[in-house]
1. Considering only protein heavy atoms and a 1.4 Å probe, what is the carbon-and-sulfur percentage of the accessible area of the stretch 239-299?
2. Taking only Cα atoms and a 10 Å spring cutoff, compute GNM fluctuations for the chain and point out the largest among 65, 144, 91.
3. Out of every Cα-Cα pair in the stretch 79-128, what percent are more than 11 Å apart?
4. Arrange the residues 186, 264, 9 by how much accessible surface each exposes, largest first, with a 1.4 angstrom probe.
5. Along each of its three principal axes, how wide is the spread of alpha-carbon positions in the stretch 195-299, in whole angstrom units, largest first?
6. Any idea which of 56, 32, 44 is furthest toward the positive side of the dipole for the stretch 1-72, if Lys and Arg beta-carbons carry +1 and Asp and Glu beta-carbons -1?
7. With +1 on the Cβ of every Lys and Arg and -1 on the Cβ of every Asp and Glu, and nothing else charged, how large is the dipole of the stretch 9-61 about its Cα centre, in debye rounded to the nearest 20?
8. Go ahead and set up a Gaussian network model of the chain, Cα springs under 10 Å, then flag whichever of 137, 34, 67 fluctuates most.
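The values are calculated or read from the model by the stated rules, or taken from the named source; none is laboratory data. These numbers were taken from a predicted model, which means no experiment stands behind them. Glycine also receives a Cβ, built like all others from the backbone with ideal geometry; neighbour counts cover every protein chain displayed. Quick note on the areas: whole protein, heavy atoms, side chains included, nothing else; ligands and nucleic acids left out. Shrake-Rupley method; radii C 1.70, N 1.55, O 1.52, S 1.80 Å.
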Amino acid sequence: MDEFNSLPKGSLFCFGLGFTCARLARRVQELSWAAAGTRRHVESPDREGEGIPVHAFSGLAPMERAAEILANVTHIVASIPPGEHGDPILRFHEADLRSLPNLQWVGYLSTPAVYGDRQGAIVHEDDEPNPGSVRGARRLAAERAWVSAFDGTGVSVQVFRLSGIYGPGRNALEQLRAGTARIINKPGQVFNRIHVDDIGTILMASMARPSHGRIYNVADDEACASGDVICYAAELLGMEPPAPIPYNSAELSPMARSFYAECKRLDTGRIRTELGVELAYPTYREGLRRILDDMEAAA
Ligand SMILES: NC(=O)c1ccc[n+]([C@@H]2O[C@H](COP(=O)([O-])OP(=O)(O)OC[C@H]3O[C@@H](n4cnc5c(N)ncnc54)[C@H](OP(=O)(O)O)[C@@H]3O)[C@@H](O)[C@H]2O)c1
């Protein structure tokens with residue numbers, strides 16, 4: 001993070017101050033950056049008392065006072081999924097964003113669904129996308145719209161294709177304790193994961209090394225079945241894992257079903273060679289052990 005620390009202090013704005021962005025916002029605040037963002041429903045002007053200013057953006061209408069709120073922003077993370085009308089941020093604020101005087105860098109948070117099913121093969125960022133779902137097709141269109149919106153402007157837009165996100169507050173240990181952990185058994189189906197703090201490290205490394213239009217796979221080093229993670233978490237907790245549920249008879253949301261319908265392993269060489277990132281949590285094992293240690297220390 002030496003490179004990031006040497007950047008002039010910036011002002012980060014996250015469209016979609018959810019799990020990943022709230023964690024990133026707190027991290028840059030600790031380094032004396034300004035940080036703020038949006039949620040659909042704003043109960044208090046400070047995200048859950050965490051000291052991050054939050055503004056309402058429903059995705060269905062423009063954010064109120066956008067020009068004033070965004071005036072000094074230098075860095076933007078777009079973390080809102082596209083819908084049937086495309087990317088809601090560009091839909092309502094593309095012109096506002098293009099006119100920001102200090103904007104330098106945009107990170108678009110995407111998904112490996114843009115690759116479609118690869119039947120377990122390794123996928124590299126230069127492989128031609130081939131979405132097999134509406135979700136993946138919308139994402140690919142949104143990725144392209146963000147990059148082309150800033151072509152020739154001097155603002156650098158990067159695309160991050162994130163694998164399954166976990167971290168403190170969203171993980172298999174807490175699912176097991178809450179009784180909500182499920183093992184969906186689809187033989188041969190594997191996917192990568194990524195710890196939320198490794199995403200933050202990758203985004204900050206990219207801010208230090210902008211590259212307009214560049215795509216990064218954001219994933220750990222070990223694609224595996226969902227059951228492997230649940231069983232490992234159960235072992236750490238000294239619990240019995242739940243019985244596997246066959247994929248064909250599992251009750252799944254349309255989003256989860258489209259997710260399990262595909263299988264791929266992400267190549268992650270680029271985040272290392274171009275961004276100089278070493279993952280703090282190269283597999284779910286390091287990540288879950290650290291989360292458990294922190295949970296026990298806090299108990
Ligand atoms: N979770 C994963 O494993 C995974 C994997 C790959 C990619 N992704 C994508 O990566 C991004 C970050 O993931 P995350 O898990 O950190 O996200 P998250 O916690 O679900 O947060 C998403 C944020 O976007 C806001 N939002 C969602 N739909 C919106 C809409 N239609 N209009 C306006 N705001 C909307 C949410 O508002 P509220 O705060 O009001 O809910 C929330 O602040 C997301 O785009 C996600 O789809 C996630």
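1. C and S atoms contribute 54 percent here.
2. 65
3. 78
4. Highest to lowest solvent-accessible surface, that is 9, 186, 264.
5. Sorted from largest, the Cα extents of the stretch 195-299 read 45, 38, 19 Å.
6. Of the listed residues, the answer is 56.
7. That gives a dipole near 180 debye.
8. 67
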